[in-house]
Structures are given as C-alpha cells and as structure tokens.
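S.K.: Dropping the structure in here first, questions after.
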Amino acid sequence: MKILVIGSGGREHALVWKIGASPLVSKIYCLPGSAGIAKTAECVALDPLDITQVADWAYQHRIDLTVVGPELPLTLGIVDEFQTRGLAIFGATKKAARIEGSKVFCKELLRKYNIPTADYRSFSEPQAAKDYVRQLTKPVVVKADGLAAGKGVIICKDNAAAEQAVTLIMEERAFGAAGERIIVEDCLVGDEASFLVFTDGETVLPMVSAQDHKPVYDGDQGPNTGGMGAYSPTPLVTPELTERIMQQVMLPTVKGLAREGCPYKGVLYAGIMLVDGKPYVLEFNARFGDPETQVILPLMDSDIVPVMQAVVAERLAEVNIKWKPGAAVCVTLASGGYPGSYQKGQVIKGLNKLQSMDNILLFHAGTNYKNGSWITNGGRVLGVVGYGLDIPAAIECAYKGVSNVNFEQMHCRTDIGKKAVNYLG
Ligand code: AMP
Ligand code: GLY
C-alpha cells in the first residue's frame with residue numbers, strides 16, 4: 001500500500017514511524033513533512049491547506065490511504081474532498097470536525113445528549129457577555145468558539161478578568177474570526193487526562209490513556225504551550241474509569257453526532273477533567289493529540305494500518321487492538337523563549353547518540369538539516385520518548401535520552417510523568 005500522512009510535527013513523525021512499520025506498507029509519503037520525517041517518509045512540498053491540490057496529488061500518485069494529522073485541513077473539508085474523488089482517507093468530515101472547530105457546536109451537542117461537561121452560556125454579542133460575567137459569583141473560563149491554536153481559552157480568576165477576556169476575544173479579536181462567539185463556562189478543578197478512541201461512526205475502540213503537560217515550566221507554572229511532554233498510560237484512568245468514560249462520554253458523543261447528521265470517523269480525542277473521580281469533557285479534538293500520539297503509538301502492539309482501514313470501511317467491529325504492557329514518557333525539547341518568540345537555526349548536538357540507546361525513540365517536531373547538521377526550526381524542536389516497564393522506568397529512560405541532546409538555549413520540563421508517580425502514591 002501507498003500511504004500519505006498530512007502534517008509536519010512530532011505527532012506526524014510518530015504516525016509515519018508507526019505506519020511505516022506495517023508490513024502492508026510499501027511506500028510512505030508525508031505532506032509537507034520535515035527534514036526529520038524525511039528519514040522515514042518521502043516528503044511532498046505542498047501546502048496541506050490547499051486541499052484541492054493535495055487531493056489531486058493523492059489521486060495522481062494512486063495513494064491507497066491518506067491519514068490527516070492536524071485539525072485545520074479537517075475543518076477545511078479535506079476528508080470530504082477526498083471522498084468525492086473516491087480516495088480513502090482517515091479523518092473526520094468537515095461537518096463532524098466541528099466538534100473541535102466550534103466550541104459552541106461541541107457544548108450544544110454535549111448538553112443535548114446529556115454528556116457531562118461544565119455548565120456554560122454562549123454569546124455572540126460582547127455586551128451581553130459582559131453583562132453576564134459582571135454578576136457572576138464563581139470563577140469561569142472564557143473560550144473563543146473557533147480554532148485558536150490552543151490559545152483561545154482564558155481561565156479567569158475574577159469577574160474583571162472575565163470581562164477583559166470578553167473584550168480581548170470578541171472586541172479586540174485577538175484570535176480573529178474564532179472570537180465571533182464565545183463560551184463562558186464554569187471553572188472545573190481536578191486532574192486532566194487525554195482519552196483518545198478510534199471510531200468508524202458506530203464501533204468505538206479506546207486507546208491507552210495519556211496525560212499532557214501544557215504549561216511551560218515545572219510544576220505546571222508559566223504560560224500554556226502546545227505541550228511540553230506527555231506520558232501514557234495515566235494511573236488516573238483505571239479500567240473502571242475507562243468503562244465510565246466510554247459509556248458516559250465517547251459512545252453517546254459518537255451516537256449523538258450520527259443522529260445530528262454528521263457521523264464521525266477517525267480519531268476522537270476527549271480532553272477530560274476528573275472532578276472527584278468523575279469525568280467531565282473540557283473539549284474534543286477531531287484528531288490525534290500532540291504530544292500524546294508520541295507516547296500512545298509506541299505502546300500500540302497491533303499494526304495501525306488495518307485499524308485505519310477498518311475505520312474507513314466501517315468495519316471496526318471486526319478489529320481487536322492489542323497494547324503493550326509498560327509505559328512511555330515523552331519530553332519535549334523546546335527553543336529558548338518558547339512559547340514566546342524564539343530563535344531558529346541553533347545547531348543540535350548529540351542526536352546520533354540516541355540512535356544506539358535502547359527503549360528510546362526520537363520524534364522531530366521542528367528541525368531542519370543543513371550542511372551536515374541538525375538545526376532547530378521551531379518552538380517545539382524534538383520529542384524524546386522513553387519506554388519502560390512502568391512509569392518511573394520510562395521517565396528514567398526518557399531523561400537519559402534527553403541528557404545526550406543539547407542546543408543553545410534548549411529548555412525542557414524536568415518533571416514529565418511525575419504526577420503519575422504521585423498518583424501511584
Ligand atoms: P480546551 O482547549 O478547551 O481543552 O482548554 C485548554 C485548557 O484549559 C485545558 O487543557 C484545561 O487545562 C483548561 N480548561 C479548559 N476548560 C476548563 C474548565 N472548564 N475548567 C478548568 N480548566 C479548563
Ligand atoms: N495535546 C493537546 C492537543 O493535541 O491539542
């Protein structure tokens with residue numbers, strides 16, 4: 001089979017690595033890919049948002065299956081475009097991807113189908129939103145309706161902060177058209193987990209659970225980033241809780257989407273807040289998470305390609321996914337200044353050493369290769385993934401890998417996975 005992966009980050013490198021390991025695959029392409037991904041896949045220098053051109057390319061190259069990494073091509077309708085041409089593609093349609101692309105759509109669905117989530121109001125007029133937040137007596141979270149690269153969520157400690165958030169999103173349009181509407185929802189306090197499933201629109205198969213680390217500094221301090229690391233599985237998500245999340249969240253969401261006329265196929269990712277052990281949906285993503293994918297796929301024992309084919313062909317009920325025992329930990333190595341402004345072009349040293357280390361995987365998120373050297377080319381530069389029989393062993397392995405890598409102003413969190421150790425007591 002010839003497979004095309006859309007995207008260029010650490011998540012896509014992990015996808016290319018896992019898909020490329022399948023005996024069913026004869027050739028793998030990545031569009032646009034990256035210098036790091038080019039070691040495993042042939043990169044295609046096209047714009048993933050030009051969905052007509054991407055579909056033309058896939059048609060001309062007789063691609064058997066296309067897998068979409070990021071959300072933007074999905075919300076632009078890449079899956080619909082491929083489907084009208086009879087090309088197999090793994091991902092959510094434009095209508096179904098609204099579950100990520102519109103928080104108002106997502107919250108209305110959750111409310112209608114009685115799926116646990118924070119209580120909320122939605123607004124399309126800034127004045128009405130301000131009047132509402134002024135009289136609140138509880139902390140809230142203000143969220144831009146549309147996609148804002150993970151930045152459109154503002155946790156407000158008091159009413160003044162909430163009013164400022166309304167101004168920023170709806171009047172100043174800090175996130176552009178994403179701020180035409182907003183959600184104001186109750187602030188939940190608890191532990192977060194990422195829960196991802198494969199679904200063909202009817203059957204829902206869970207992946208191993210994970211936990212992301214969004215704030216830039218140790219102890220969850222500092223501004224949020226795209227993800228400074230992750231680990232899997234999280235001890236918070238016990239088998240009983242998995243069953244509860246499946247019954248109360250994932251299955252009713254997939255059923256609800258079908259009933260609303262937008263059947264969902266692909267990966268559905270729930271950001272869950274556990275409050276007193278009960279799951280509440282913070283958000284849905286219509287795709288694999290990053291960095292979660294960098295720890296989930298190394299734990300997947302089964303070949304991923306037949307699973308994706310079964311999703312596309314709507315026969316996931318025939319599939320059984322096996323997971324490896326043990327744990328994986330991913331530490332993101334970031335450029336100095338990230339998530340603010342940062343420099344590119346720093347020479348990365350030590351990558352060769354990682355190749356000879358056991359139980360270590362290296363995923364490139366933002367690198368380039370010039371004049372015989374790897375250089376930094378993004379805020380999140382590399383994901384170093386360690387595997388171990390348990391979380392402490394995986395942490396040790398990941399940081400042993402990290403200790404070999406270096407570039408000017410490199411920074412990373414030193415506490416990835418520590419929460420899991422604390423949960424385990
Ligand atoms: P979202 O993109 O909606 O998942 O929000 C990004 C981050 O904001 C989440 O990972 C949480 O850390 C936080 N967050 C979102 N909604 C809430 C909420 N209702 N209560 C507390 N924290 C939240
Ligand atoms: N890890 C968060 C995300 O993929 O959106």
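The values are calculated or read from the model by the stated rules, or taken from the named source; none is laboratory data. None of these values were measured; they are calculated from a predicted model. No Cβ is skipped: glycine too gets one built from the backbone with ideal geometry, and neighbour counts run over all protein chains shown.
S.K.: Restrict the check to region 193-212 and report whether at least one residue is part of a loop (DSSP other than H, G, I, E, B) and within 12 Å of ligand 1 (Cβ to nearest atom). Can you show your working first?
M.R.: The initial filter retains those residues of region 193-212 that are part of a loop (DSSP other than H, G, I, E, B), namely 200-203, 207-209.
When the remaining residues are screened for being within 12 Å of ligand 1 (Cβ to nearest atom), the result is none.
Scanning region 193-212 turns up no residue that is part of a loop (DSSP other than H, G, I, E, B) and within 12 Å of ligand 1 (Cβ to nearest atom).
Conditions (1) within 16 Å of G383 (Cα to Cα); (2) in a strand (DSSP E or B); (3) within 13 Å of ligand 2 (Cβ to nearest atom), marked per residue:
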site: G219; (1), (2), (3): no, no, no
site: G222; (1), (2), (3): no, yes, no
site: G227; (1), (2), (3): yes, no, yes
site: Y231; (1), (2), (3): yes, yes, yes
site: L236; (1), (2), (3): no, no, no
site: E243; (1), (2), (3): no, no, no
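S.K.: Still on this structure, I have one more. Among the residues in region 227-239, are any at pLDDT below 95, within 12 Å of ligand 1 (Cβ to nearest atom), surrounded by 23 or more Cβ atoms within 10 Å (Cβ to Cβ) and not charged (D, E, K, R)?
M.R.: Going through region 227-239, the residues at pLDDT below 95 turn out to be 227.
From what's left, within 12 Å of ligand 1 (Cβ to nearest atom): 227.
Going one step further and asking which of them are surrounded by 23 or more Cβ atoms within 10 Å (Cβ to Cβ), we end up with 227.
Remaining after also requiring not charged (D, E, K, R): 227.
Within region 227-239 (the criterion being at pLDDT below 95, within 12 Å of ligand 1 (Cβ to nearest atom), surrounded by 23 or more Cβ atoms within 10 Å (Cβ to Cβ) and not charged (D, E, K, R)), the answer is yes, since at least one residue qualifies.
S.K.: I've got another one for you. Which ones in region 130-147 are under 13 Å from Y120 (Cα atoms) and either among the β-branched types (V, I, T) or within 9 Å of ligand 1 (Cβ to nearest atom) (or both)?
M.R.: Matches in region 130-147: V133, P139, V140, V141, V142, K143.
S.K.: Another question, then. If you check G150 against the conditions, is it within 16 Å of ligand 1 (Cβ to nearest atom), surrounded by fewer than 23 Cβ atoms within 10 Å (Cβ to Cβ) and not hydrophobic (A, V, I, L, M, F, W, C)?
M.R.: Details: within 16 Å of ligand 1 (Cβ to nearest atom): yes; surrounded by fewer than 23 Cβ atoms within 10 Å (Cβ to Cβ): yes; not hydrophobic (A, V, I, L, M, F, W, C): yes.
So G150 passes the test.
S.K.: Return the residues of region 264-293 that are away from ligand 1 (no atom under 16 Å from the Cβ), at positive phi and in a loop (DSSP other than H, G, I, E, B); say none if nothing qualifies.
M.R.: G277
S.K.: Still on this model: Which residue is nearest to the chain's Cα centre (by Cα), if the candidates are limited to region 277-296 and must be within 16 Å of ligand 2 (Cβ to nearest atom) and of a type in the set (D, E, K, R)? Reasoning before the result, please.
M.R.: Step one: filter region 277-296 for residues within 16 Å of ligand 2 (Cβ to nearest atom), giving 281-296.
From what's left, of a type in the set (D, E, K, R): 283, 287, 290, 292.
Details: E283: 11, R287: 6, D290: 4, E292: 6 Å.
If we take residues in region 277-296 being within 16 Å of ligand 2 (Cβ to nearest atom) and of a type in the set (D, E, K, R), then D290 is nearest to the chain's Cα centre (by Cα).
S.K.: Here is a follow-up. For region 251-276, enumerate the residues that are of a type in the set (A, V, I, L, M), away from ligand 2 (no atom under 16 Å from the Cβ) and under 30 Å from R380 (Cα atoms).
M.R.: If the condition is that a residue be of a type in the set (A, V, I, L, M), away from ligand 2 (no atom under 16 Å from the Cβ) and under 30 Å from R380 (Cα atoms), then L274 is the only one that fits.
S.K.: Next question. State whether one or more residues within region 294-310 are outside any helix (DSSP H, G or I) and over 21 Å from K324 (Cα atoms).
M.R.: Taking region 294-310 as the starting set, the residues that turn out to be outside any helix (DSSP H, G or I) are 300-303.
Going one step further and asking which of them are over 21 Å from K324 (Cα atoms), we end up with none.
Within region 294-310, not a single residue is outside any helix (DSSP H, G or I) and over 21 Å from K324 (Cα atoms).
S.K.: Continuing with this model, one more query. List pairs: first residue in region 257-273 and closer than 14 Å to V208 by Cα and modelled with pLDDT under 95, second residue within 16 Å of ligand 2 (Cβ to nearest atom) and not in a strand (DSSP E or B) anywhere in the structure, Cβ distance under 6 angstrom, at least six positions apart or on different chains.
M.R.: Note: no pairs meet the criteria.
S.K.: For region 291-337, give me each residue that is of a type in the set (D, E, K, R), in contact with a strand residue (DSSP E or B) (Cβ under 7 Å, 6 or more places away or on another chain) and either surrounded by 17 or more Cβ atoms within 10 Å (Cβ to Cβ) or over 23 Å from K2 (Cα atoms) (or both). Step through it out loud before you land on a result.
M.R.: Kept after step one, since they are of a type in the set (D, E, K, R), are these residues of region 291-337: 292, 301, 303, 314-315, 318, 322, 324.
Filter again for in contact with a strand residue (DSSP E or B) (Cβ under 7 Å, 6 or more places away or on another chain), leaving 292, 301.
Correct list: E292 only.
S.K.: Quick check on this structure: which one of G417, G401 is modelled with pLDDT of 95 or more, closer than 19 Å to G219 by Cα and buried (at least 19 other Cβ atoms within 10 Å of the Cβ)?
M.R.: Numbers: G401 fails: closer than 19 Å to G219 by Cα.
Answer to the selection: G417.
S.K.: I'd like the full set of residues that are among the acidic types (D, E) and touching a helix residue (DSSP H, G or I) at 6+ places or on another chain (Cβ under 8 Å), limited to region 263-291.
M.R.: E283, D290
S.K.: For H213, only one of the following conditions fails: (1) modelled with pLDDT under 95; (2) within 16 Å of ligand 2 (Cβ to nearest atom). What is its number?
M.R.: (1)
S.K.: Write out, first by first residue and then by second, each pair whose Cβ atoms fall under 6 Å of each other, whose residues are 6+ apart or on separate chains, and whose first residue, in region 347-375, is closer than 17 Å to Q294 by Cα while the second is surrounded by fewer than 22 Cβ atoms within 10 Å (Cβ to Cβ) and among the aromatic types (F, W, Y).
M.R.: Here the result reads N359/Y387, each pair linking region 347-375 to a residue that is surrounded by fewer than 22 Cβ atoms within 10 Å (Cβ to Cβ) and among the aromatic types (F, W, Y).
S.K.: When V5 is evaluated against the numbered criteria (1) outside any strand (DSSP E or B); (2) closer than 18 Å to T367 by Cβ; (3) under 17 Å from the mean Cα position of the chain (by Cα), which criterion, by number, is the only one it fails?
M.R.: (1)
S.K.: While we're on this one: Out of (1) over 14 Å from the mean Cα position of the chain (by Cα); (2) surrounded by 18 or more Cβ atoms within 10 Å (Cβ to Cβ), the odd one out for H213 is which?
M.R.: The number of the failed condition is (1).
S.K.: Please give the number of the condition F123 fails out of (1) crowded, with 16+ Cβ neighbours inside 10 Å; (2) within 15 Å of ligand 2 (Cβ to nearest atom); (3) over 23 Å from A286 (Cβ atoms).
M.R.: The one condition F123 does not meet is (2).
S.K.: If you don't mind, there's one more thing I want to ask. Return yes when I89 is under 22 Å from N224 (Cβ atoms), of a type outside the set (K, R) and in contact with a strand residue (DSSP E or B) (Cβ under 7 Å, 6 or more places away or on another chain) and no when it is not. Give the derivation first.
M.R.: Details: under 22 Å from N224 (Cβ atoms): no; of a type outside the set (K, R): yes; in contact with a strand residue (DSSP E or B) (Cβ under 7 Å, 6 or more places away or on another chain): yes.
Answer is no for this residue.
S.K.: Let me ask another. Enumerate the helices (runs of 4 or more DSSP H) found wholly within region 314-425, keeping only those where 1 or more residues are under 23 Å from the mean Cα position of the chain (by Cα).
M.R.: Details: elements: 351-355, 391-402, 418-424.
Passing ranges, in order: 391-402, 418-424.
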